[in-house]
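Every read-out reported here was derived from the displayed coordinates using simple, explicitly stated rules and does not represent laboratory data. Every value quoted in this text rests on a predicted model; they were computed, and no experiment measured them. Every residue, glycine as well, gets a Cβ built from its backbone with ideal geometry; the counts of neighbours run over all protein chains shown.
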Amino acid sequence: MPTYLDDKPLDVQAETLADLLDEARKHLADTGRIVVEVHVEGEMLDDQTLDEQMNEPIGDRDMRLVSVHSKALVSVTLSEVRVVLGEARELQDEAAELLQHDQGVDAMVKIAAALEVWQQAQQAVLHTIGLMGIDFDQFTVDDLTAPTIVNRLVDQLKSLREAVEAGDGIALADALAYEWPQMTDQWDRLLERLIETVEQDAG
């Protein structure tokens with residue numbers, strides 16, 4: 001079974017794809033790198049296919065793994081989250097305007113899309129802090145600790161969902177127009193600080 005990691009032969013014993021990835025992780029343990037792509041017979045597996053084939057026998061198929069430094073991957077991921085957070089800001093502004101014009105149905109579509117972005121942002125921050133070993137309690141932005149900023153988001157999301165469930169268009173419009181822009185700005189600064197921290201450590 002020809003197996004390669006970053007175009008170099010990887011001499012491991014693995015019955016399944018899960019076994020192979022586990023062996024690759026052990027091989028990369030002290031390098032700070034993680035596997036980000038799996039190619040089988042020259043074809044890169046997407047996430048769904050990867051999950052489906054995880055426990056299938058490898059057999060004599062050509063297996064090629066690609067890794068990147070985890071810090072580089074985190075930096076790129078956080079930068080992408082900043083971009084979509086900017087899109088969430090636009091969705092929030094549009095939803096507020098729609099609500100002010102009694103177009104609640106269209107506003108709900110915008111709000112749902114914005115909430116999905118915020119969930120991604122929260123997960124990205126928590127994942128980064130865990131992966132990079134950053135001291136969550138001591139990491140600060142605007143003189144606020146990361147836990148305080150995350151908890152504020154949780155509270156804001158809860159209030160937003162309650163207003164949605166109550167059909168309170170006025171409260172929703174006010175929150176989106178006056179509270180969420182500040183929250184978005186703060187999270188943008190949080191992401192910026194995390195990127196700077198990760199890149200400094202990488203240097």
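Taking the alpha carbon gyration tensor of segment 150-203, multiplying each eigenvalue by 5 and rooting it gives semi-axes of 32, 11, 6 Å, largest first. Average 1/r across all pairs of distinct alpha carbons in segment 85-133, invert it, and you get the Kirkwood radius: 11.7 Å. Taking the longest Cα principal axis of the chain as reference, the axis of helix 146-166 is set at about 60 degrees. When the alpha carbon gyration tensor of segment 40-92 is reduced to an equivalent ellipsoid, its three semi-axes come out at 34, 15, 8 angstrom, largest first.
Each of S159, S70 was scored by other Cβ atoms within 10 Å of its Cβ. Arranged with the fewest first, they read S159, S70.
Volume of the convex hull of segment 3-61 (Cα atoms only), normalised per residue: 83 Å³. Among the lysines, which fall within straight-line cross-link reach of K71, defined as a Cα-Cα distance under 28 Å, with same-chain neighbours fewer than 8 residues apart omitted? Within the straight-line cut-off, K71 pairs with K8, K26.
Peptides 167-177, 40-50 ranked from most to least packed by the mean count of surrounding Cβ atoms within 10 Å: 167-177, 40-50. Taking 0.36 nm per residue of sequence separation and removing the Cα-Cα distance, the Q182/I170 pair yields an extension gain of 2.5 nm. Note on the chain: Cα Rg divided by 2.2 N^0.38 Å, N the number of residues, gives 1.30.
For segment 55-154, the ratio of Cα radius of gyration to the globular rule of thumb 2.2 N^0.38 Å stands at 1.51.
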